[in-house]
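> Handing you a structure now.
The values are calculated or read from the model by the stated rules, or taken from the named source; none is laboratory data. In this text, all values refer to a predicted model and were calculated from it rather than measured experimentally. All Cβ positions, even for glycine, are placed from backbone atoms using ideal geometry, and neighbour counts span all protein chains on display. Note: areas computed on protein heavy atoms with side chains; ligands, DNA, RNA excluded. Shrake-Rupley method; radii C 1.70, N 1.55, O 1.52, S 1.80 Å.
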Amino acid sequence: MELSRKRRREIKKLRREAEGVWDEQREVLEHAASILRDASRQAASVARDDVAPRVRSTYEKRVVPTVEAGVDSVKHAASATRDRFVDDVIPAVTGAIGSAIAVLDVARDKRIRDALKSVSSTGRELATKAGQRVGLIEVKPQRGPGTYILIGLGVVATAAIAYAAWQTLRADDDLWVEEDETVDPTPAA
């Protein structure tokens, strides 16, 4: 397929225009790249000269003291906890363990077991003998003044409870007073 001369000229003309536009675009892109490089250098300069010192001073004035205070608080709490544990918990635990070991040692000692058996049997014998002696001599328990005081307090407490129940359960009709209606002083004729 062959193109006419007119079409070929139009295509050549369009090609030259496209090449021209392409060259212009390349120049624009090169110029934009140059501007972008300059802007990048300026931004780095501003960041280095203005922003970095502000960030550094803010970090040093606000973040570092806060972190140091937090670290100091944690160190203090850890130290107090360690001291409390060493001063209070460990001695209590070791004392309890020592007491348990001592009780076990005592319980295992045959001499002590024999002594406890003899003491308990002697105690039983003495209790039996004392009971027999008391049975021989008749002892009458006597009432002292404390018995009469306790009986009196019981009577007073019972009376107070009865009075409180009576006050609670009584009819309260006479306690409510209704407002009187105003009476007309003129007699009805």
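> Once you sort the root eigenvalues of the Cα gyration tensor of region 45-94 as a ≥ b ≥ c, which label holds: rounded (a/c under 1.5), prolate (a/b larger than b/c) or oblate (the other case)?
Cα axes put region 45-94 in the prolate bin.
> Further question on the same structure: At 1.4 Å probe size, what's the solvent-accessible area of residue 83? Round to the nearest 10 Å².
Roughly 70 Å² of residue 83 is accessible to a 1.4 Å probe.
> Can you tell me how region 1-87 classifies by the Cα gyration tensor, rounded, prolate or oblate, using a/c under 1.5 as the rounded cut?
On the way: a/c = 13.76, a/b = 3.89, b/c = 3.54.
Here region 1-87 falls in the prolate category.
> List, in order, the whole-Hz ³J(HN,Hα) value for each residue of region 62-78 obtained from phi through the Karplus relation with A = 6.51, B = -1.76, C = 1.60 and θ = phi - 60°; use x for Gly and Pro.
Couplings: 10, 6, 4, x, 5, 5, 5, 5, x, 5, 4, 4, 5, 5, 5, 5, 5 Hz.
> Sticking with this structure for a sec: Would you please state which residues of region 14-46 a label at residue 59 would reach in this model, taking the label point 7 Å out along Cα→Cβ and a backbone N cut-off of under 20 Å?
43-46
> Testing the spin-label approximation: label points 7 Å from Cα along Cα→Cβ at residue 112 and residue 10. State their distance in nm.
12.3 nm
> With every protein chain present, what accessible area does residue 66 have (1.4 Å probe, heavy atoms only), rounded to the nearest 10 Å²?
Taking all protein chains as shown, residue 66 has close to 100 Å².
> Residue 47: net charge of surrounding residues, Cβ under 13 Å, Lys/Arg +1, Asp/Glu -1, itself excluded?
That works out to +2.
> Which value, in Å², gives the accessible area per residue of region 1-74 when a 1.4 Å probe is used on the protein heavy atoms?
Per residue, region 1-74 has 96 Å² of solvent-accessible surface.
> Next question, about the same structure. How many percent of the accessible area of region 79-122 is carbon or sulfur, using a 1.4 Å probe?
67 percent
> Now a separate question. Enumerate the residues in region 58-72 having an amide nitrogen under 14 Å from the point lying 7 Å beyond the Cα of residue 82 toward its Cβ.
72
> Using a simple spin-label model with points 7 Å from Cα along the Cα→Cβ vector, what separation in nm is obtained for residue 148 and residue 89?
Distance between label points: 6.2 nm.
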